[in-house]
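See below for the structure under consideration.
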Amino acid sequence: MKGVPMTDGPHVNMSGMGRRGFTLLESMIASTILAGIVLVITSVISAGQQQALEAQLRITATIAAERLMHGMGTVEYEQLQSWNGYIQDVGQMADQEGALLPPMFSNLGRRVQVSQETESIDQLGLTIMGRNLRIEVFDQDGRVMADLARFIPEPSEAGNTP
């Protein structure tokens, strides 16, 4: 056969131009880049989870404040002042009957402040005496997670003035 060289075995390119693999340095750089990407993704997921947990804790704190405020709404006006300074420490929140609240409330505590206040409605020329109820729900670090306030007017027979 003319033009086709005859060889005894497979042809091996000794010049290094045909095959090329990763060098150790290239594989180490690729591994470092991959590790960096995994670290960034993990950090983003972790930050997202922290934000979700914070939001869940704030929602739970708001529920705890609303539950206590609802219970205080059934208390006679004259007895509201006795709630001033009331505290339920973290993990010790209980309902009106004294039963501990479910475990989702175990990382929270709450405190009550009651103050005598006067509200004025200038457009109507009214001055209303009453009590301001403030409930703060706090976490283990003392951070206020929910703050709920409500004005309760004196009953009309107690001396509201038009």
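The values are calculated or read from the model by the stated rules, or taken from the named source; none is laboratory data. Everything numeric in this text was worked out from a predicted model, so none of it was measured. Counting neighbours? That spans all protein chains shown, and the Cβs are built from the backbone with ideal geometry, glycine included.
From ARG143, ARG134, ARG110, grab the single residue that is touching a helix residue (DSSP H, G or I) at 6+ places or on another chain (Cβ under 9 Å) and without any contact (Cβ under 8 Å) to a residue 60 or more places away in the chain.
ARG110
Checking the structure you have, find out if any residue of region 88-103 is of a type in the set (A, V, I, L, M, F, W, C) and closer than 18 Å to ILE152 by Cβ.
Checking region 88-103: not a single residue is of a type in the set (A, V, I, L, M, F, W, C) and closer than 18 Å to ILE152 by Cβ.
Would you be able to say whether some residue in region 109-119 is assigned to a strand (DSSP E or B), of a type in the set (A, V, I, L, M) and at pLDDT 90 or above?
yes
Among the numbered conditions (1) aliphatic (A, V, I, L, M); (2) in contact (Cβ under 8 Å) with a residue 24 or more places away in the chain; (3) surrounded by fewer than 14 Cβ atoms within 10 Å (Cβ to Cβ), tell me where LEU39 comes up short.
LEU39 satisfies every listed condition except (2).
Select from region 24-47 the residues that are modelled with pLDDT under 90 and either within 21 Å of ALA94 (Cβ to Cβ) or not aliphatic (A, V, I, L, M) (or both) and list them in ascending order.
Listed by number, the residues that qualify are GLU26, SER27.
Could you tell me how many of the residues in region 63-77 are surrounded by 11 or more Cβ atoms within 10 Å (Cβ to Cβ) and over 14 Å from ASN107 (Cβ atoms)?
Count: 10.
Contact list please: Cβ distance under 9 Å, first residue in region 89-107 and in contact (Cβ under 8 Å) with a residue 60 or more places away in the chain, second residue exposed (fewer than 15 other Cβ atoms within 10 Å of the Cβ) and not in a helix (DSSP H, G or I), pairs at least six apart or on different chains.
none
On the basis of being closer than 19 Å to PHE151 by Cβ and exposed (fewer than 12 other Cβ atoms within 10 Å of the Cβ), does GLY48 make the cut?
no
Which of (1) surrounded by fewer than 12 Cβ atoms within 10 Å (Cβ to Cβ); (2) within 24 Å of the chain's Cα centre (by Cα) is the odd one out, the single condition GLN123 does not satisfy?
For GLN123, the exception is condition (2).
Could you list, in sequence order, all residues of region 66-79 that are outside any loop (DSSP other than H, G, I, E, B) and more than 18 Å from ASP147 (Cα to Cα)?
Going through region 66-79, the residues outside any loop (DSSP other than H, G, I, E, B) turn out to be 66-72, 77-79.
TYR77, GLU78, GLN79, listed by residue number.
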